[in-house]
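Here is the structure we will look at.
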Amino acid sequence: MPVKLHRLLSSTLTYSKLPKLSPLSSLQLTPIPPSSSTHQRQYRRPFSSSPNPNPNPNPNAQIQTRTRTPLEKQFETWIQHLKPGFTPSDVVSSLQAQSDPDLALDIFRWTSQRHGYRHNHETYLTIIQILISGRRYRHVETLLEEVLAGNCEMSVPLYNSIIRFCCNRKLLFNRAFDAYKKMLKSENCKPTLETFTLLLSSLLRRFNKLNVCYVYLHSVRSLTKQMKSLGVIPDTFALNMIIKAYAKCLQVDEAIKVLREMGLYGCEPNSYTYSYIAKGLCEKGRVEQGFGFYKEMKEKQLVPSGSCHMILICSLAMERRFEDAVELVFDMLGNSMGPDMLTYKTLLEGLCREGRGSEALDLLEEFRRRDVVMGERNFKVLLNALHFLG
């Protein structure tokens, strides 16, 4: 038999043994599931489903639904409480009733998408306060940008809340002044005393070095002028911050000028007022004038701060006015405050250099007896220093 005929018969017999295939239209094609990485990236598997899906699902089997979490049930419950045509006051009540800040934010976002409803300054203020107390600062920053972009009408409490948040966040310091400038341009939301107090306090926290102080002193001057032009009456706390800013920059004459103007606003200077000025005068080298403000403070029965005491003691000791310095130490100890080691050493070593070593030793013993905080260790350190100088 020829070779070609033998191959033809073999192929025909093999084909006849194969089962008959159904038409293409009757085939049930099973989809090939995607890879695990792609599946997880595109879809989130329901909690109630199996991690290994059945390749041949039964079409008659009952469809399994994911069990709702308690947070979702609580969200749906509060959504049902909001009747059609709800108002911003209804939303505020719903937000304030939430203990979970994330749930409150979900309700806030859901209501903003309802037809015919728009948030106002009360709802924004409420959700911002809730998120700040819950430390959801990223969400607060998002809402802050929405408000400043004009998503709702503004109010003074909302502006002040935004400024307070920005002042407490180092990277949002400039944003606080952006909100303040918007307040200046608005007709019904002019800055208040609270606004100026927040901004002044934020500026003073940056007065850590003398060269940096001068940079921010211009802003303090501008805020003071704008406060006067708007007719805002400052209180003692705000005026003390202005005095402190001038004293930190050694602009003591400006600080004294503000002190003399306090009576015009019905404010009384307190111990902080005099302490800031006395410290600034001593740092400026005007020790006698600083000591005069100390005496004026004592006449009004005000107690100077500990830092005011110590800078006056050191300044008087360096000018060889040891009797006044010693009097200040005893006054400080009588007010349950104690000088630090630098103050003690400045006074006692100054006496030794003037040839009054025995008097310094006697004073050290007296300081040890009155100062319960000094301790044995600090006493020995001071005693050794006196022996070395003697």
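Run the paramagnetic zone check for LYS181: 7 angstrom along Cα to Cβ, then residues of segment 134-166 with backbone nitrogen under 15 Å.
It comes to 148-149, nothing else.
Under a point spin-label approximation (7 Å from Cα along Cα-to-Cβ), what is the LYS298-SER336 distance to one decimal in nm?
Label-label distance for LYS298 and SER336, simple model: 2.1 nm.
With the convex hull built on the Cα atoms of segment 157-207, state its orientation-averaged projected area in nm². Before the final figure, lay out the partial values.
Numbers: hull surface 12.5 nm².
Seen from a random direction, the Cα hull of segment 157-207 projects 3.1 nm² on average.
How charged is the neighbourhood of ILE277? Take every other residue with its Cβ under 12 Å from the Cβ of ILE277, and add Lys/Arg as +1 and Asp/Glu as -1.
On the way: positive: LYS244, LYS248, LYS257, ARG260, LYS279, LYS284, ARG286; negative: ASP253, GLU254, GLU283, GLU296.
The answer is +3.
Past 22 Å, Cα to Cα: identify those pairs from LYS185/LYS228; LYS182/LYS248; LYS225/LYS300; LYS248/LYS284; LYS257/LYS298, in the order given. Before the final figure, lay out the partial values.
Details: LYS185/LYS228 16 Å; LYS182/LYS248 30 Å; LYS225/LYS300 30 Å; LYS248/LYS284 10 Å; LYS257/LYS298 20 Å.
Those over the limit are LYS182/LYS248; LYS225/LYS300.
If you plug each phi of segment 116-126 into the Karplus form 6.51 cos²θ - 1.76 cosθ + 1.60 with θ = phi - 60°, what whole-Hz ³J(HN,Hα) values come out, in order, with x for Gly and Pro?
x, 10, 9, 5, 10, 5, 5, 5, 5, 5, 5
When you have a sec, figure out the Kirkwood radius of segment 316-390 from all distinct Cα pair distances and drop it here in Å to one decimal?
Values: mean 1/r = 0.0820 Å⁻¹.
Evaluated on segment 316-390, it is 12.2 Å.
Which distance in nm do the two modelled labels at GLU323 and GLN113 give, with both placed 7 Å along the Cα-to-Cβ direction?
Going from the GLU323 label point to the GLN113 one covers 8.3 nm.
Calculate one ³J(HN,Hα) per residue across segment 324-334 by plugging θ = phi - 60° into the Karplus curve 6.51 cos²θ - 1.76 cosθ + 1.60, and present them in order as whole Hz with x for glycine and proline.
5, 5, 5, 4, 5, 5, 5, 5, 5, 5, x
Any idea how far apart ILE79 and ARG370 come out in nm if each label point goes 7 Å out from Cα toward Cβ?
Label at ILE79, label at ARG370, 7.3 nm between them.
At a Förster radius of 51 Å, what calculated FRET efficiency corresponds to the Cβ-Cβ distance of GLU145 and LYS380, to the nearest 0.05? Could you put the intermediate results ahead of the total?
Details: r = 60 Å, r/R0 = 1.18.
Working from the Cβ atoms, E equals 0.25.
Can you spot the lysines whose alpha carbon is less than 26 Å from LYS380's alpha carbon? Ignore those fewer than 8 places along the same chain.
Candidates past the 8-residue exclusion: LYS345.
Taking the Cα centre of segment 156-293 as the origin, how large is its charge dipole in debye, to the nearest 20, when only Lys and Arg (+1) and Asp and Glu (-1) carry charge on their Cβ atoms?
580
No lab work stands behind these numbers, since they all come straight from the coordinates. Since we're looking at a predicted model, the values are computed, not measured. Methodologically, a virtual Cβ is constructed for each residue, glycine included, from the backbone with ideal geometry; neighbour enumeration extends over all protein chains shown.
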